[in-house]
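Here's the structure we're looking at; comments come further down.
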Amino acid sequence: MAFSYLSRFRDALAGLRREGRYRVFTDIVRARGAYPSADFHAQGAKRPVVVWCSNDYLGMGQHPKVLAAMHEAIDATGAGSGGTRNISGTTHYHVELEAELADLHGKEAALLFTSGFVSNDTTLATLAKLLPGLIVFSDAFNHASMIEGIRHGGMEKRVFKHNDMEDLERLLAEADPEAPKLIAFESVYSMDGDFGPSMAICDLAQKYGALTYIDEVHGVGLYGPRGAGVAARDGAMARIDIVEGTLAKAFGVMGGYIAASSELIDCIRSFAPGFIFTTSLAPAIAAGVLASVRHLKESDAERETLHARAALLKRLLGEAGLPVMDSPSHIVPVFVGDAALCKAVSDSLLYDHGIYVQPVNYPTVPRGSERLRFTPSPLHSEAMLRDLVRALDQVWTAHRLSRAA
């Protein structure tokens, strides 16, 4: 008798639904020039909503300079890049953007990828091939893309407790002193909103002869001089060997990258299948990011307004007695603690109040720590913040939810 493939697929999906973890895509159309407003499409109708969970942290996906650069690039070059970077897919936009990103982080070179996930996965897996016997020391809260890259590389992995420098040093001290080592961590952990201790990690890397790899996905554009990231803010950027970042969050478009020494970049360029065998970013995307990076190197206004909005939202949530989780960054998580309730609260906010925030459940966060994750931007007005808190207060009361974070 043949294997029942459909039954297996149905059982897997049924399990997600039972746990309240089945993910439903919210069909929206962002309103150009009016973000964070958008139209929510459901059941043949549309209704206005305010988006509260976008990673377009600074609203640069709506910025006139970015849009103009993308239009200009489409008019000049057409739509796609036409190939891989090695075969006709390297345009002058790509070359200029890599130079700008290298300059942003004070590194010799940079390399573009099609997403932040791909840049982490590909780079970490390739480092294992380049450094036989490599031991990776990975923070327990590292992103799935880093975990996948380490797994794909097949290197030895030692996980240290989140942001625990004593545990990291213990693991480093136990390792073979002659083995190549890499410490992988994040600058901002996006679900809790806390910072990685970049300077302390660099101290340990120097002491034990390890390379440092920082994921600045949620920090680049938002912190540090010219938006160079948390490591730059903390004075550690020059000590970081490999910086990984995204072009889809603070920069508002799409793509990922790494920045490092010219030799390391050349090795990843030359040996990484995830770079070599994929079509390059469309010229219009590279042009849009280029305009965004250049603007944010010169302008602090967007960053300053973002941090002011985040601080105000945290204060308002606290004053309302809502369970806002402690976060020193721009990310504002509100604790729910149950997957089904998290989805119910999200639905109530969407359908009853025109507020779109996605529930965050396992495996993105551990079971029992389900939450809503709010990302205010410079384009969210103070009135929007107050409307959000009022709506949350009503929903919390209606669902009899705990107000303890």
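Can you figure out the FRET efficiency of ALA14 with HIS41, using R₀ = 25 Å and their beta-carbon distance, to the nearest 0.05?
Numbers: r = 27 Å, r/R0 = 1.07.
So the FRET efficiency works out to roughly 0.40.
The label point for ARG403 and the one for LYS161, both projected 7 Å from the Cα toward the Cβ, are 3.3 nm apart. Near the amide H of ASP139, within less than 5 Å, lie the amide hydrogens of PHE160, ALA184, all on another chain or at least 5 residues away, with H placed in the peptide plane.
Can you give me the relative contact order of the chain as a percent, contacts being Cα pairs under 8 Å and 6 or more apart?
21 percent
Each principal axis of the Cα atoms in segment 1-100 has its own extent, and those three values, largest first, are 56, 42, 26 angstrom. Counting protein heavy atoms only, the chain has 55 percent of its accessible area on carbon and sulfur, 1.4 angstrom probe. In this label model, GLU178 and ASP300 are separated by 5.1 nm, measuring between points 7 Å along each Cα→Cβ vector. For segment 182-314, the dipole from Cβ point charges (+1 on Lys and Arg, -1 on Asp and Glu) about the Cα centre works out to 260 debye, to the nearest 20.
Relative to the Cα centre, the charge distribution of the chain, modelled as +1 at Lys and Arg Cβ and -1 at Asp and Glu Cβ, gives a dipole magnitude of about 1280 debye. Scaling the Cα radius of gyration of segment 154-245 by the globular reference 2.2 N^0.38 Å produces a ratio of 1.06. Counting lysine pairs in the chain that sit 8 or more residues apart in sequence, or on different chains, and whose Cα atoms lie under 17 Å apart gives 8. Computed with the Debye formula from one identical point scatterer per Cα of segment 324-405, without solvent, the log10 of I(q)/I(0) at q = 0.12, 0.14, 0.18, 0.25 Å⁻¹ comes to -0.32, -0.44, -0.75, -1.40.
Mind running the shape call on segment 255-351? Use the C-alpha gyration tensor, a ≥ b ≥ c as the square roots of the eigenvalues: rounded below 1.5 for a/c, prolate if a/b tops b/c, oblate otherwise. Here segment 255-351 falls in the prolate category. Based on the convex hull around the alpha carbon atoms, segment 203-243 presents an average projected area of 2.7 nm². Accessible surface of ASP352, taken over heavy atoms with a 1.4 Å probe and every protein chain present, rounds to 110 Å². Here segment 173-222 was treated as a single set of alpha-carbon atoms; its pair distances binned every 5 Å from 0 give 5, 20, 26, 19, 14, 9, 5, 1 percent. Between segment 49-104 and segment 133-209, the alpha-carbon centres lie 31 Å apart. Over the chain, DSSP H runs of length four or greater, each weighted -39,500 (n - 2.57), average out per residue to a 222 nm ellipticity of -13500 deg cm²/dmol.
Karplus-based coupling profile of segment 100-116, in residue order and whole Hz: 5, 5, 4, 5, 4, 9, x, 10, 6, 7, 9, 9, 8, 10, 6, 7, x, with θ = phi - 60° in 6.51 cos²θ - 1.76 cosθ + 1.60 and x standing for Gly or Pro. 3J(HN,Hα) along segment 134-150: 4, 10, 9, 9, 10, 4, 4, 9, 4, 5, 4, 5, 6, 4, 5, x, 5 Hz, from the Karplus curve 6.51 cos²θ - 1.76 cosθ + 1.60 with θ = phi - 60°, whole Hz, x for Gly and Pro. What translational diffusion coefficient, to the nearest whole µm²/s, does segment 39-146 have by Stokes-Einstein, given a Kirkwood radius computed over alpha-carbon pairs, a temperature of 37 °C and 0.692 mPa s viscosity? Calculated translational D: 182 µm²/s. Phi-derived couplings, Karplus 6.51 cos²θ - 1.76 cosθ + 1.60 at θ = phi - 60°, listed residue by residue for segment 388-404: 4, 5, 4, 5, 4, 4, 5, 5, 4, 5, 5, 8, 6, 7, 5, 9, 9 Hz, with x used for Gly and Pro.
Excluding ligands, DNA and RNA, the accessible surface per residue across the chain is 44 Å² with a 1.4 Å probe. Its Cα gyration tensor gives the chain an equivalent ellipsoid; the semi-axes, largest first and in whole Å, are 34, 27, 23. Debye calculation, C-alpha points only, no solvent: report log10 I(q)/I(0) for segment 3-54 at q = 0.28 Å⁻¹, in the same order as the q values. Log-scaled intensity ratios, in q order: -1.00. Set the Förster radius R0 to 25 Å, insert the Cβ-Cβ distance between ARG32 and GLU382 as r into 1/(1 + (r/R0)^6), and round the FRET efficiency to 0.05. Efficiency for this residue pair is about 0.65.
The values are calculated or read from the model by the stated rules, or taken from the named source; none is laboratory data. Owing to the predicted nature of the structure, the values given are computational and were not obtained by experimental measurement. Heads up, the Cβs are rebuilt from the backbone with ideal geometry, glycines too, and the neighbour counts pull from every protein chain shown. Note: areas computed on protein heavy atoms with side chains; ligands, DNA, RNA excluded. Shrake-Rupley method; radii C 1.70, N 1.55, O 1.52, S 1.80 Å.
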